Amino acid sequence: MPVPPIPTGHCIYETNMSSFSHYHLSSKLKSRLKLLGLYRVVAYSLILIAGIYVLAPKVFSGQYNGFNIGQSPLIPLAQIHHGAPPKDGIPSIDNPIFISSTAANYLDESDRVIGLVTQGGARAYPIRILNWHEIVNDDDVVVSYCPLCGTGMAFHSPAANFGVSGLLYNSDMLLYDRETESLWSQILGKAISGERKGELLKVLAVENTSWLNWRQNHPNTRVLSDQTGFSRIYSRSPYGNYDSNTSLYFPLSHQSRRYHPKEKVIGLLLNGVHKAYPFIELDKSTSSVIHDKIGGVDIEVHFNSQHRSGIIKLSSGKPLPSLTSYWFAWYAFHPETEIFTFEK
């Protein structure tokens, strides 16, 4: 709002036997100055409110971003943290556009993607896009990526319609479904509050790998277009060097210093047994395939040291829904985990 001009020369001259002559502002000028002061107060107040909104969004959205979690969520209420953005402050991609691999000239060969193969074919979801949106609702599949935990996961969910809650548990994103506003832990794949509390999503097998590797193995893949309908600089990560430093931004229920907190691991749950395969251990092997047994089941860990990726299969060749994540995240959720260590 423009500030009204201050008039000049509009004053009254007076003399007094006991003092110097001085000017007095007219009543009209005084009213203008009061109005000017009011404008400034309003402007400063708006700036202050905007600052509080950015730095302390809880003031506006409440401690839990407006979600009615109730008194008995499946995770400790005190361990649900506000991640800063409000509900849907990180916008999901609800109408994804896919293009051919040859048309994806915005991608570099070293770019990371979350690769998924379904009956509809192979699809790649670049992490440079997921860093800014975290969720892609793709027909009956919801693809999610938590930049803080390095976890890319896909779930089968008919008419998927999930959003980013802005809340975290163990530094991992809590999704919400827009139909019931139930909150879901990404790593657990489970609704922790709301109408659907206790329900599990069907986890799909994905691969976190380089764009070059995925494209070579799946030449007919489709890839998420960078024409998302949002104005974002997808060539830049909003998280800087977070993926390599030791910084952790939010409290964890369990911690281990056995490995660098951002050491990548491939984690698997099979027959009630959790096991982690740290990349630093897999690197010690001269073989690209590690044969192991989890919960009485023979499995194969296929590790590509060049492209820093791995998948786990049954001995029959069927892929299992494993999880590539940072070590700290896997351990926070599964402190009882078994750990693969290379032995010559």
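The values are calculated or read from the model by the stated rules, or taken from the named source; none is laboratory data. Computed from a prediction, not measured in an experiment: that's the story for all the values here. We place every Cβ from the backbone using ideal geometry, glycine too, and count neighbours over all the protein chains shown.
Odds and ends about this structure:
So that you can scan it fast, the table gives a plain yes or no per residue for (1) outside the structural domain of D140 (by TED's automatic domain parsing); (2) closer than 24 Å to D172 by Cβ; (3) among the hydrophobic types (A, V, I, L, M, F, W, C):
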residue: S193; (1), (2), (3): no, yes, no
residue: S237; (1), (2), (3): yes, yes, no
residue: N241; (1), (2), (3): yes, yes, no
residue: L268; (1), (2), (3): yes, yes, yes
residue: G272; (1), (2), (3): yes, yes, no
residue: D283; (1), (2), (3): yes, no, no
residue: H302; (1), (2), (3): yes, no, no
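- Residues that are hydrophobic (A, V, I, L, M, F, W, C), exposed (fewer than 11 other Cβ atoms within 10 Å of the Cβ) and touching a strand residue (DSSP E or B) at 6+ places or on another chain (Cβ under 8 Å), drawn from the range 217-257: none
- So S210, is it crowded, with 17+ Cβ neighbours inside 10 Å, closer than 18 Å to S325 by Cβ and in contact with a Phe, Trp or Tyr (Cβ under 7 Å, 6 or more places away or on another chain): no
- Tally, over the range 175-206, of residues that are more than 18 Å from the chain's Cα centre (by Cα), charged (D, E, K, R) and either under 15 Å from V143 (Cα atoms) or surrounded by fewer than 17 Cβ atoms within 10 Å (Cβ to Cβ) (or both): 4
- Failed item in (1) surrounded by 20 or more Cβ atoms within 10 Å (Cβ to Cβ); (2) in contact (Cβ under 8 Å) with a residue 24 or more places away in the chain; (3) touching a strand residue (DSSP E or B) at 6+ places or on another chain (Cβ under 6 Å), with G166 passing the rest: (3)
- Positions within the range 168-182 being farther than 21 Å from L323 by Cα and either of a type in the set (A, V, I, L, M, F, W, C) or part of a loop (DSSP other than H, G, I, E, B) (or both), in sequence order: R178, E179, T180, E181, S182
- Residues within the range 258-274 that are surrounded by fewer than 17 Cβ atoms within 10 Å (Cβ to Cβ) and either over 18 Å from C149 (Cβ atoms) or without any contact (Cβ under 8 Å) to a residue 40 or more places away in the chain (or both), tallied: 3
- Which listed residue, of S110, S72, is touching a residue at least 24 places away in the same chain (Cβ under 8 Å) and either of a type in the set (S, T, N, Q) or not assigned by TED's automatic domain parsing to the domain that holds D177 (or both): S110
- For the range 160-174, taking the residues that are modelled with pLDDT of 95 or more and closer than 13 Å to V142 by Cβ, the one that is farthest from the chain's Cα centre (by Cα) is identified as N161.
- Some residue of the range 268-280 being out of contact with any strand residue (DSSP E or B) (no Cβ under 6 Å at 6 or more places or on another chain), among the charged types (D, E, K, R) and modelled with pLDDT of 95 or more: no
- Screening the range 275-320 for residues that are crowded, with 19+ Cβ neighbours inside 10 Å and hydroxyl-bearing (S, T, Y) and picking the one that is farthest from K344 (Cα to Cα) gives S309.
- Screening N220 with (1) over 30 Å from S100 (Cα atoms); (2) assigned to a loop (DSSP other than H, G, I, E, B); (3) over 23 Å from the mean Cα position of the chain (by Cα) gives one miss only, at (1).
- The set of residues from the range 321-338 being part of a strand (DSSP E or B), crowded, with 18+ Cβ neighbours inside 10 Å and either of a type outside the set (S, T, N, Q) or touching a Pro at 6+ places or on another chain (Cβ under 7 Å) (or both) comprises L323, Y326.
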